[in-house]
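I have placed the structure first, in the form of structure tokens, so that the comments after it can refer back to it.
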Amino acid sequence: MNRTGRVVRLSRIEVVEKLLPTRGTMPKAHRPVRLGLADEPTGPAHAASWIGPLMMLGSRAARWPKSHPGQQLIITVSVPARGFAAALIGCGWMMASAAPELPPVQEVAASLPAGTPVRVVTNSKIIAEQFRGVDIAKGRLILSGGSWQLDKVRAMTTLPGLDEPRRQPLPEPGAISQWAGLAADWTARLCRPQADLALIGTLKWLREDIGGFLARGDELEPVANILLPEDPHAASWSTALYGAAHLENELPLRKDLQAVVLDGGAATKYLPAIETPVVFAVLDRSVSDESAAEMVVQYMNNRGEFLSVEHDVRWAPPRGIEALGFWVPL
């Protein structure tokens, strides 16, 4: 099967593990629960020691904008193979986001004119449609595609715009979301997710990675549950996806983005054009071209100030992964 086939893509998890240097084995009774990745919701999941640390990198870097205003943090990670790295860093960033505080549904509805685009979360669905009003006598919320009993509506928020009505089933928080503390505010996070992250790379590969499943022990959860990627059919979306091949047509990026993950050399060449407070660059060592790595070093030497990722970001790379950190003025 070709390199973008599902079976080959999953086997890259095992390939990366074989490329990494070995260490002494911890006794089984003392080993922490390892995170894994799977291709299907039923598994099998492949556990790997680098999954958790890459997610932690995204979470640790999320602290930077508040503590270092006016400085752009740039972290380049060199990995044996790029598969899943960008998605995992993005998951960590999303896990560090604060849950939104939403007013009660009736309070939101009372302030809206008819025709306002809204996102509604019910007991079973997420709906993005136009607000039409409230039938007070019947206690129903009226949207462009139907009406809903108000006591079945968990949350509602306005949208800046909406191209067409969208509906999707309400996903339940899985093992990873519960472990990360996202489940407590699950409804609010799905109703108004933090939309400040973008992944840039080969779209086909990014979508394949996001279509995978994270595992903790024997429990699996879709990566998309956490990243909420932009999709024409999704009623709730957060993470923007851009193709590196045509990124020049998208520049400058949206001003509300706070972090960008550049996946691979083709995306990393756009580093000087990215103006978000945090930028991650994933460099794939299985590709012989070193021009992207050389460009990053040159950019740091010309504009940046070196920093210690371990000391300043409080993140230590796992075995087989190298990191370079620096900051530039925004």
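General remarks:
- Computed [θ] at 222 nm, helices only, for the chain once each DSSP H run of length n ≥ 4 contributes -39500 (n - 2.57): -7000 deg cm²/dmol
- Partners for LYS66 among aspartates and glutamates (Cα-Cα distance below 19 Å; same-chain residues under 8 apart left out): ASP196, ASP256, GLU275, GLU305, GLU310, ASP312
- Amide H contacts for ILE321 (H built 1.01 Å from N in the peptide plane; partners 5 or more residues away or on another chain; cut-off under 5 Å): none found.
- Positive-end ranking of SER144, PRO169, VAL105 along the dipole of segment 105-169, with charges on Cβ about the Cα centre, is headed by PRO169.
- A cut-off of 5 Å between modelled amide H atoms, ignoring neighbours fewer than 5 places along the same chain, links GLY145 with GLN130.
- Axis angle, to the nearest 10 degrees, between helix 6-19 and the longest C-alpha principal axis of the chain: 40 degrees.
- Kirkwood-Stokes translational diffusion coefficient of the chain, alpha-carbon pairs, 10 °C, 1.306 mPa s, µm²/s: 75 µm²/s
- Between ALA195, HIS68, VAL121, the Cα set farthest toward the positive side of the dipole of the chain (charges on each charged residue's Cβ, about the Cα centre) is that of VAL121.
- The charge dipole of the chain, taken about its Cα centre with unit charges on the Cβ of Lys, Arg, Asp and Glu (plus for the first two, minus for the last two), comes to roughly 580 debye.
- Taking all Cα pairs closer than 8 Å and separated by 6 or more residues, the relative contact order of segment 105-169 comes to 38 percent.
- Cα radius of gyration and Dmax for segment 105-169 (Å): 10.5, 31
- The order of THR116, THR276, going from fewest to most other C-beta atoms within 10 Å of their C-beta, is THR116, THR276.
- Angle in degrees between helix 291-303 and the longest Cα principal axis of the chain, rounded to the nearest 10: 80 degrees
- For segment 133-173, the equivalent ellipsoid built from the Cα gyration tensor has semi-axes of 19, 15, 10 Å, listed from largest to smallest.
- Degrees, to the nearest 10: 51-61 long Cα axis against longest axis of the chain: 70 degrees
No value in this document is a laboratory result; all are computed from the given coordinates. If you're wondering where the values come from, they're calculated on a predicted model, not measured in any experiment. Note that each Cβ is placed from the backbone with ideal geometry, even for glycine, and that neighbours are counted across all protein chains shown.
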